[in-house]
Every structure is written in structure tokens, then in C-alpha cells.
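Dropping the structure in here first, questions after.
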Amino acid sequence: MPTLKRCKRYAQVLAKRQPDLVVVMEKIKNPHNASAILRSCDAFGVQDVYIIKEGKSLGVSKTVSSGSYKWLTLHFFEDTTECLMYLKERGFKILTTHLSTQSVDIREFDLTQKIAIVIGSELEGVSEEALSLSDANIIVPMVGFVQSFNVSVATALILYEAFRQRDAKGLYSKPRMEKARRKELYREWVERDK
């Protein structure tokens, strides 16, 4: 059974979760990258992560993820359109990480809205399907010779900017997740930690 201190930590973490900020991992293949993305999601208050891939398992590195996947809700989809339409129907704006002339610097985009950030595969980036359903393309500004970051680094930078904007608006100062869902997750976490 978890200690009282641990149970208080569950409540503290749940109070900071951002139900209107989700990450979509589209066909991420490298377990190290998947693990690092999950760790960043937990660190910045993302609870729900949508994973588009064949099958319902995600190879993660326990050392890289620091076990963070245990505290996240993972939703598996095999089809990009199905996943993104599911999110759109629930009011999420779809943001793709894609370099184009229409891409918006993450510092200039309002990341305090109800958003789903789509992270594409390591080699191909986001799919044409994802781009066609996207409400906006966002980019991390760079000044060097390289044009892109590793997928897990890019995710961490984008989530940090979302955290910065949301924190400035006070969105981490009071619970935003519905009380019933917080209670449900609290019970799950207690069970998982036994």
C-alpha cells in the first residue's frame, strides 16, 4: 500500500494535469524516443497520449521513461484519420509539427487552447493524412544549420512552451480535470503502486 506521502503526491500531480493538452504519437518507432516523449508528457502535465501504430503495445525503455508511462492514459489507434477525427469531435485543435511556409513559431501560437499536438515518425515526420486534418503547423525556432530536432527533443521543447504559456495564465494553479476523472485516476494509481 502506498504511503500517505505518496498518496498526497498523487493528488498534487492530478491537480496539475491539463485535460485540454494531449499528445499524438504518429508511428514513432524508436523505443527510446517513445519513452522520452512519455516522460516529457508526464513532466508537463499531459495525461492523455494517443498512439497511432499497429497493435496495442508500445515498446518503452523503463530507464528512459522513468516509469512515467504508468501514470499516463495511453489510447491506441491504428489509423491516423480515425484518431484525429476522434479528437476533433471532442473539440481539440490539431497541431502538426511540420516545417512549411505556413508554419507558426510555437512562441507565437496560443498553446493554452484545447490542443492535440501531433508528433510524426522519426524519418517521415507527420503523414499527409495528419497534415490534411491539421488546424495549424507549428515549429520550434532554430538559428543553426540543422532544420529539425530529434522527435523527443522537439516534443519536450513544444510541451515546455505550452507549459510556460499555460503557467503564465494560471492554468496550473487549480485543478482543471473533472473531479470524477481525478478520483478514478487516483484509485488506478494507488492500485498500480501496490
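Since every read-out is calculated from the coordinates, none of them should be taken as a lab result. What you are looking at is a predicted structure, and each value in this text was computed from that prediction instead of being measured. We place every Cβ from the backbone using ideal geometry, glycine too, and count neighbours over all the protein chains shown.
Once amide H atoms are placed 1.01 Å from N in the peptide plane, what residues at a sequence separation of 5 or more from His75, or on another chain, have their amide H within under 5 Å of its amide H?
Answer set, sorted by chain and number: Val49, Tyr50, Ile51.
Here is the link list: Lys27/Lys169; Lys8/Lys93; Lys114/Lys169; Lys93/Lys179. Which ones come out longer than 26 Å on Cα distance?
Table pairs above 26 Å Cα-Cα are Lys27/Lys169; Lys8/Lys93.
For the chain, state the semi-axes of the equivalent ellipsoid (square roots of 5 times the eigenvalues of the alpha-carbon gyration tensor), sorted largest first and rounded to whole angstrom.
Ellipsoid semi-axes (Å, largest first): 27, 19, 16.
Let me ask something additional. So what is the calculated 222 nm ellipticity per residue for the chain, using -39500 (n - 2.57) for each DSSP H run with n of 4 or more, over all residues, to the nearest 500 deg cm²/dmol?
The helix-only estimate for the chain comes to -12000 deg cm²/dmol at 222 nm.
With the dipole of the chain worked out from charges on the C-beta (+1 for Lys and Arg, -1 for Asp and Glu) around the Cα centre, which of Ala34, Leu123, Trp189 lies farthest toward the positive end?
Working it through, the farthest residue towards the positive pole turns out to be Trp189.
While we're looking at this one, here's another question. If the only charges are +1 at each Lys and Arg Cβ and -1 at each Asp and Glu Cβ, what is the size of the charge dipole of the chain around the Cα centre, to the nearest 20 debye?
Once rounded to the nearest 20, the dipole reads 1480 debye.
Using a Gaussian network model of the chain with C-alpha springs under 10 Å, which one of Lys27, Lys70, Lys169 is most mobile by mean-square fluctuation?
Evaluated over the chain, the most mobile residue of the options is Lys169.
Count charges around Leu95 for me, please; just the other residues with Cβ under 14 Å from its Cβ, Lys/Arg as +1, Asp/Glu as -1.
Neighbourhood net charge equals -3.
Given the options Ser148, Phe77, Val13, identify the residue whose Cα lies farthest towards the positive end of the charge dipole of the chain (+1 on Cβ of Lys, Arg; -1 on Cβ of Asp, Glu).
Farthest towards the positive pole: Val13.
Quick check: net charge around Gly125, other residues with Cβ under 13 Å of its Cβ, Lys/Arg +1 and Asp/Glu -1?
Charge balance in the 13 Å sphere: -3.
While we're on this one: Report, in degrees rounded to the nearest 10, the 0 to 90 angle that the Cα long axis of helix 179-192 makes with the longest principal axis of the chain.
The helix 179-192 is inclined about 70 degrees to the chain.
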